[in-house]
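> Structure incoming, see below.
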């Protein structure tokens, strides 16, 4: 008969043998302090809307698994650099996909690892109850990982590990086995505020409190319009944002390439922007479908590509943007294309906007066209 500690030691060794970079164990007690923070977070309107709506489910493991005794947290490190990364060139400008969406969708990879762990545990305790989740589960991955001693939650709300920085994917398994818990780590950020100082939209209201409504990682995933206040900040980000992690001293010169499934395809990590405007559903599924960037569909990526072309003021893209303005059936893309034409400018853009205004039926798109024409007029005044 295995004691919980003996089984824990076996699980740790097995986890290492199947490529899990970090593993920790935590109690399944309710996350009461987190619950208080989440209530306040909701009152302030800082949620993204992607979270589990039931705060009790997010903080009470026993609501997910009534037999819950402990939680196993795991982490896999991922790369931060692209070998021979393609560069933007005039007329061939590229976007940027956040590192968390490079390679194979991490949800699938972590679920496979957790499934292997569960099967291993059941060999020793056949009647054990286990419930695994990755990112989209009810529990907070970071809160579980922090309690399990994998790292500490930094001022940018990312879990920071001593070995891999914050470039880690997290997953967890609630189990009926009373594994001895590990000790949480002390905060290692000190007085550093680089992540907060460099956020393009000032999305951090205070250390450890992120207003998701202002965070570009969230904004780039919106399905409709990007609020104008954030459009220029999006830059050439096609999906997600890494700025607060890139400036973190704990992430300096870190690049882990030992998981082949996470290695980026340079053409997907830094995709050409113009081809995204007309990519078909089948082609999108074939190229981006296996990655984490595809979960919201192609529309957000296409809209962000339009913003990217405006960011570069790519005059060569004007005919492509006019095509979107005239032909795309989705109002947010037509309206965003109008805004981009206003930013890029030129007589061809003006003529297209004037023509589109006379036939456009959607009120929001008409507002965008009028705004774009206004930008062109302002540009002329400044000449």
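The values are calculated or read from the model by the stated rules, or taken from the named source; none is laboratory data. On a predicted model such as this, the values are computed, not experimentally measured, just so you know. Note: ideal-geometry Cβ built from the backbone for every residue, glycine included; neighbour counts use all protein chains shown.
> Looking at the structure I just gave you, is residue 24 on the phi > 0 side of the Ramachandran plot, touching a residue at least 60 places away in the same chain (Cβ under 8 Å) and surrounded by 12 or more Cβ atoms within 10 Å (Cβ to Cβ)?
no
> Name the single residue, out of those in region 222-261 being in contact with a strand residue (DSSP E or B) (Cβ under 7 Å, 6 or more places away or on another chain) and assigned to a loop (DSSP other than H, G, I, E, B), that is surrounded by the most Cβ atoms within 10 Å (Cβ to Cβ).
The extreme case among them is 248.
> Residue 171 passes all but one of (1) under 29 Å from residue 83 (Cβ atoms); (2) out of contact with any strand residue (DSSP E or B) (no Cβ under 8 Å at 6 or more places or on another chain); (3) not in a loop (DSSP other than H, G, I, E, B); which number fails?
(2)
> Among the residues of region 356-375, what is the count of those that are loosely packed, with under 15 Cβ neighbours inside 10 Å, in contact with a helix residue (DSSP H, G or I) (Cβ under 7 Å, 6 or more places away or on another chain) and more than 22 Å from residue 232 (Cβ to Cβ)?
Count: 1.
> I would also like to ask the following. Hey, can you tell me all the residues within region 125-168 that are in a loop (DSSP other than H, G, I, E, B), more than 19 Å from residue 210 (Cα to Cα) and modelled with pLDDT of 95 or more?
Those that are in a loop (DSSP other than H, G, I, E, B), more than 19 Å from residue 210 (Cα to Cα) and modelled with pLDDT of 95 or more: 125, 126, 127, 128, 129, 148, 149, 150, 162, 163, 164.
> Report, by residue number, each residue of region 262-284 that is more than 19 Å from the chain's Cα centre (by Cα), part of a helix (DSSP H, G or I) and without any contact (Cβ under 8 Å) to a residue 60 or more places away in the chain.
Scanning region 262-284 gives 275, 277, 281, 282, 283.
> Out of all the residues in region 71-84, is one or more farther than 18 Å from residue 171 by Cβ and not in a loop (DSSP other than H, G, I, E, B)?
There is no residue in region 71-84 that is farther than 18 Å from residue 171 by Cβ and not in a loop (DSSP other than H, G, I, E, B).
> So, residue 190, is that one out of contact with any helix residue (DSSP H, G or I) (no Cβ under 9 Å at 6 or more places or on another chain) and modelled with pLDDT of 95 or more or not? So that I can check it myself, show each step before the final result.
On the way: out of contact with any helix residue (DSSP H, G or I) (no Cβ under 9 Å at 6 or more places or on another chain): yes; modelled with pLDDT of 95 or more: yes.
Judged against the criteria, residue 190 is a match.
> Let me ask something else about it. Only one residue in 353, 301 is surrounded by 21 or more Cβ atoms within 10 Å (Cβ to Cβ) and under 18 Å from residue 93 (Cβ atoms). Which one?
Criteria check complete, one pass: 301.
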